[in-house]
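Below: one structure, written as structure tokens.
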Amino acid sequence: WDNADFSRGVGTTFYQEFLTLNTAKPPFVRDVEAKVRRYLRSSYSAAWTLKITWEKAPAYAARTDTRRTITYQAVLTTDGFRSYVLMLYQEGGMQWDYTRLTTTNVLIGYT
């Protein structure tokens, strides 16, 4: 995510934390739990979830093109023992033109 460039005042980043241990779970957290259960075929009940959204983020270097933006999210969630990351991209996936970036060895993912 370090190739996003907000220096031109285009786009924003925000987050929302969900503490759900011993509380009613909002629909977003229930959806995250359902995705973990579905894709990992595992029982899962979130105790904590963090949703980070990069909205209309232009690629680095934004000085060359602030029209091509992307909205994407990272959702971190844990039950206190197991932790998961969901990486969500707008329909069509990452839309940045990587050939216009200063380096072209870009990856989508995490390690």
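Odds and ends about this structure:
- Equivalent ellipsoid semi-axes - Cα gyration tensor, region 10-98, angstrom: 30, 14, 9
- By a 1.4 Å probe calculation restricted to protein chains, Trp48 has an accessible surface near 70 Å², given to the nearest 10.
- Vicinal HN-Hα couplings computed from phi for region 41-57 (Karplus, 6.51 cos²θ - 1.76 cosθ + 1.60; Hz; Gly/Pro x): 6, 9, 6, 7, 9, 5, 9, 8, 9, 10, 10, 10, 10, 9, 9, 6, 7
- Packing, as the average of other Cβ atoms within 10 Å across residues, places the peptides 24-35, 68-79, 5-16 in the order 68-79, 24-35, 5-16, highest first.
- Against the compact-protein benchmark of 2.2 N^0.38 Å, the Cα-based radius of gyration of region 2-55 scales to 1.48.
- Cut-off under 5 Å, modelled amide H: who pairs with Ala47 long-range: Thr78, Asp79, Gly80
The values are calculated or read from the model by the stated rules, or taken from the named source; none is laboratory data. Just so it is clear, the model here is predicted, and its values are computed rather than measured. Positions of Cβ are backbone-derived with ideal geometry, glycine not excepted, and every protein chain shown enters the neighbour counts. Surface accessibility is based on the protein's heavy atoms, side chains included, excluding ligands, DNA and RNA. Shrake-Rupley method; radii C 1.70, N 1.55, O 1.52, S 1.80 Å.
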